[in-house]
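So the structure is just underneath, and the comments pick up after that.
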Amino acid sequence: MGIPIYPVHLEDPLFQGFYDGLDAGELRITADAATGEWIWYPPEVVPGKPDAKLEWRSVSGEGKAYTFTTVVRSLLPGDHKSEVPFTVVLFEPDDAPGVRVAGILVDDEGVEPACDMRLRFRAVEAGDHGIPGFAPVR
């Protein structure tokens with residue numbers, strides 16, 4: 001499987017905690033600092049709670065595939081033939097139910113992707129930045 005290489009906007013402070021976590025080998029999700037409620041994808045303003053403060057919290061990295069799709073033809077501009085195929089997975093961490101983080105399936109030789117399959121987070125280098133990777137638990 002390939003790894004998609006694409007530019008990301010690392011300068012956006014809204015996502016800095018996510019990418020800092022990847023650099024540290026952790027999967028970090030935003031939560032309401034007062035209630036602990038998981039809030040993912042981090043909004044600029046929490047709907048119904050305009051004064052809420054979000055904080056980045058690490059999750060265990062153990063979870064399951066909510067859904068997946070395998071990309072066989074890149075839609076990125078330029079020559080990306082060496083980066084396909086790859087499988088995009090929506091990962092739901094065990095300790096953050098209802099949160100679904102997009103990433104790629106890694107270390108999946110001989111494994112057919114499936115919904116509810118057990119996965120473990122692993123940060124993956126993609127050019128000059130990290131992206132979330134999720135490996136099947138064997």
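None of the figures in this text is laboratory data; all of them are computed from the coordinates on show. Fair warning: this is a prediction, and the values are worked out from it, not measured in the lab. Quick reminder, even Gly has a Cβ in these numbers, built from the backbone with ideal geometry, and neighbours come from all protein chains shown.
Numbers at a glance
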{"read-out": "Normalised contact order of segment 1-107, rounded percent, pairs of Cα under 8 Å and 6 or more residues apart", "value": "26 percent"}
{"read-out": "Spin-label zone in segment 65-86 - amide nitrogen under 18 Å from a point set 7 Å from the Cα of GLU112 along the C-beta vector", "value": "65-71"}
{"read-out": "Expected 222 nm ellipticity per residue - DSSP helices of 4 or more, -39500 (n - 2.57), all of the chain, to 500", "value": "-1500 deg cm²/dmol"}
{"read-out": "Extension gain, ARG100 back to HIS80 (0.36 nm per residue minus Cα-Cα distance, nm)", "value": "4.6 nm"}
{"read-out": "All-pairs alpha carbon distance profile, the chain, 10 Å steps from 0, percent", "value": "12, 39, 35, 12, 2"}
{"read-out": "Cα-based shape type of segment 72-138, given that a ≥ b ≥ c are square roots of the gyration tensor eigenvalues and the cut on a/c is 1.5", "value": "prolate"}
